[in-house]
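Below: one structure, written as structure tokens.
The values are calculated or read from the model by the stated rules, or taken from the named source; none is laboratory data. On a predicted model such as this, the values are computed, not experimentally measured, just so you know. Because the Cβ atoms are built from the backbone with ideal geometry, glycine has one as well, and the counts that use them run over all protein chains shown. Ligands, DNA and RNA are excluded from the accessible area calculation, which covers all protein heavy atoms including side chains. Shrake-Rupley method; radii C 1.70, N 1.55, O 1.52, S 1.80 Å.
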Amino acid sequence: MEIKNVRVRFAPSPTGALHIGGMRTALYNYLFARKTGGTFILRIEDTDQLRYVPGAESYILESLQWAGLLPDEGPGFGGGAYGPYRQSERKDIYQRYAQELIRSGHAYYAFDTPEMLEACRQETQEKGESAFKYDSQTRLKMSNSLTLPEEEVQARIERGDPWAIRLKVPSGEIIEVDDLVRGIVHFQSNELDDKVILKSDGMPTYHLANIVDDHLMEITHVIRGEEWLPSTAHHVLLYRAFGWEMPRFSHLPLILKPSGQGKLSKRDGVQLGIPVFPLSWKGDTPEDSFTGFREAGFLPNAVINFLALLGWNPGTDQELFTLDELVEAFTIEKIGKSGSRFDYDKAKWFNQQYIMATSDETLAGLVRPMVEAQGYHPRESFLQAFCGMMKERVVVLSDFWDTGRYFFEDLVVFDEKTIAKKWDTGNKTLFEGMISRLEALESFDPETVHQAMEAYMQEKNLKPGDVFPILRIALIGTMKGPGVAEMLSLFGPAELRRRLERAFGLFDALVSQ
RNA sequence: GGUCCGUUCGUCUAGGGGUUAGGACGUAUCCCUUUCACGGAUAAAACACGGGUUCGAUUCCCGUACGGACUGCCA
């Protein structure tokens, strides 16, 4: 057999925001392409002008960019020999091939309007029969170029009557699909309906467009969602009708709702308050607007890592992967067959792991806009040190501000219970003595600060429990947070005196109430 | 309803004719510790059911149940 270069495509429809499941499909295609030294192609399937949503295509591009899954070919990415990559720009190509199918007897004109078909469906449903299907059993009762005389067909077409082209599914055949994930799947052609392949508006349906493009673009492997498995039989028929070689198919398991049943939908995101899209999307209505993983404070590598392991695993205990490591480990054979539930807790865990592994400098760059949006402009060294001591205490990027805001602003609320229990106005002079001692320090690194405190505490016969909780709350208002010496070091002598004196005043007021 | 796909701890999953059925998230407890986290340790927790095949099935086959996808001139 001829060995061809692998060419795979990610073919989303620009009907809205790109779902996280689509993101995973893109990822697996990307990984397979990189692993095999092949080509990763982006194709925009915009043959449905009714469902077309402006901005969706750029959303898809931005999502892929954010995730680091850049196509080798696609709209705006070159690869001229195979373009264009938007199906709406390939209309005439599909029409040519549809005509070829008519000539070879594999397809026919159908004049039945959507309204008439709807009536047929209604009727069978009311009679309690199984759903109406336009197939080898019923097509001779409908109005099409199989039942109408040749002259009538011509007359209708010339008159401008609307028509569509349907695939003429042969009867009595067994169709075999050899799926790389699922093995061999059989279909009886008698069960298949005569799918519309060219719509009355002159656009192809997915079925035709997908086969023609995959052939013309020399796609070798089709990796797509499981929802396509049932129509793959039609696709096989199309390849046969054209006499074209088929790509290999791999149908990916679905991503399921976090709880309950069914596949993950955008509704789950808003209902549970969790992101199910890579980036935020602003639709026409609040119900059609979503927060993305990026805006929820996730790092792209964490999302990629999480997604990669949802339905695939390398067969080892490794959980953390760089993109390059994923490429190295990825094989289609290791893709699972059953649907995977979307586990947001696991996603957060991945994010935390990635944040901890990110340098303070990089983190500061990500956190700065959030802090500045609040009106604070910390020194870079301060911000970096802040990120360094907070990064193992946050899960998403926004936590840096949410749980660390009191490093920038003066506290207005503090852990009153602990203060009521621990604060003794009479001890204030002891703390003031400690402040003076610290101010006299030549070096202000955490280690020196800590030693000075220990020495002072020993001198004055103070216990850690009498000192640390009070300082901690006086500094940032809460019992949660980095080590006290670290924080003192971060603030430096002047700011530490300011914060402590202000807080002690607050404590006095509280206790005297 | 019909067609197709699937089923190992709560979740993501490894494994595969003979295993104490392994790991991770989450949960609980403990250790580390000035707090919180991080890190470490321990624990509870799974082969849907019924028939075969076999000396032996969680693993192979067939049913059943359950779940899912598809069933548009949507993709």
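Listed values, structure above:
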{"item": "Filter pass, residue A:69 being more than 16 Å from RNA strand B (Cβ to nearest atom) and either farther than 21 Å from residue A:162 by Cβ or open to solvent by 10 Å² or more (accessible area, probe 1.4 Å) (or both)", "result": "yes"}
{"item": "From the options A:443, A:436, residue that is among the polar types (S, T, N, Q) and not in a helix (DSSP H, G or I)", "result": "A:443"}
{"item": "Leading residue by the ranking (most open to solvent (accessible area, probe 1.4 Å)) among those in the stretch A:229-287 that are modelled with pLDDT of 95 or more, part of a helix (DSSP H, G or I) and away from RNA strand B (no atom under 14 Å from the Cβ)", "result": "A:240"}
{"item": "Selection from the stretch A:196-228 of residues that are near RNA strand B (Cβ under 9 Å from one of its atoms), over 18 Å from residue A:27 (Cα atoms) and of a type in the set (Asp, Glu)", "result": "A:201"}
{"item": "Neighbours by Cβ (under 6 Å, 6+ apart or cross-chain): first from the stretch A:236-258, touching a residue at least 60 places away in the same chain (Cβ under 8 Å); second open to solvent by 50 Å² or more (accessible area, probe 1.4 Å) and away from RNA strand B (no atom under 16 Å from the Cβ)", "result": "A:241/A:106"}
{"item": "Any hit, the stretch A:373-392, residues being farther than 25 Å from residue A:277 by Cβ, outside any helix (DSSP H, G or I), open to solvent by 50 Å² or more (accessible area, probe 1.4 Å) and within 14 Å of RNA strand B (Cβ to nearest atom)", "result": "no"}
{"item": "Residue under evaluation residue A:481, criteria (1) near RNA strand B (Cβ under 10 Å from one of its atoms); (2) not in a loop (DSSP other than H, G, I, E, B), criterion not met", "result": "(2)"}
{"item": "Candidate set from the stretch A:174-190 (those that are more than 8 Å from RNA strand B (Cβ to nearest atom) and surrounded by fewer than 15 Cβ atoms within 10 Å (Cβ to Cβ)); member that is farthest from residue A:135 (Cα to Cα)", "result": "A:178"}
{"item": "Residue count for the stretch A:485-513, restricted to those that are part of a helix (DSSP H, G or I), touching a residue at least 24 places away in the same chain (Cβ under 8 Å) and of a type in the set (Gly, Ala, Ser)", "result": "4"}
{"item": "Pairs with Cβ under 7 Å, 6+ apart, first in the stretch A:213-228 and at pLDDT 95 or above, second within 15 Å of RNA strand B (Cβ to nearest atom) and open to solvent by 30 Å² or more (accessible area, probe 1.4 Å)", "result": "A:225/A:254; A:226/A:254"}
{"item": "Counted residues, the stretch A:132-141 - those being more than 17 Å from residue A:106 (Cα to Cα) and open to solvent by less than 60 Å² (accessible area, probe 1.4 Å)", "result": "1"}
{"item": "Filtered residue count, the stretch A:328-349, keeping only those that are closer than 28 Å to residue A:260 by Cβ, open to solvent by less than 50 Å² (accessible area, probe 1.4 Å) and touching a Leu at 6+ places or on another chain (Cβ under 8 Å)", "result": "5"}
{"item": "Which listed residue is open to solvent by 40 Å² or more (accessible area, probe 1.4 Å), within 16 Å of RNA strand B (Cβ to nearest atom), of a type outside the set (Phe, Trp, Tyr) and farther than 24 Å from residue A:293 by Cα, from A:96, A:86", "result": "A:86"}
{"item": "Failed item, numbered, when residue A:413 is tested on (1) within 29 Å of the chain's Cα centre (by Cα); (2) loosely packed, with under 15 Cβ neighbours inside 10 Å", "result": "(1)"}
{"item": "Top-ranked residue of the stretch A:470-489 - restricted to ones that are open to solvent by 20 Å² or more (accessible area, probe 1.4 Å) and of a type outside the set (D, E, K, R), ranked as nearest to the chain's Cα centre (by Cα)", "result": "A:481"}
{"item": "Pair list, Cβ under 7 Å, 6 or more apart: the stretch A:326-354 residue on the phi < 0 side of the Ramachandran plot, other residue open to solvent by 80 Å² or more (accessible area, probe 1.4 Å) and more than 9 Å from RNA strand B (Cβ to nearest atom)", "result": "A:327/A:35; A:330/A:35; A:354/A:301"}
{"item": "Test: residue in the stretch A:48-62 that is more than 10 Å from RNA strand B (Cβ to nearest atom), open to solvent by less than 40 Å² (accessible area, probe 1.4 Å) and either touching a residue at least 60 places away in the same chain (Cβ under 8 Å) or more than 20 Å from the chain's Cα centre (by Cα) (or both)", "result": "yes"}
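So that you can scan it fast, the table gives a plain yes or no per residue for (1) at pLDDT 95 or above; (2) over 16 Å from residue A:216 (Cα atoms):
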| site | (1), (2) |
| --- | --- |
| A:34 | yes, yes |
| A:42 | yes, no |
| A:63 | yes, yes |
| A:67 | yes, yes |
| A:77 | no, yes |
| A:118 | no, yes |
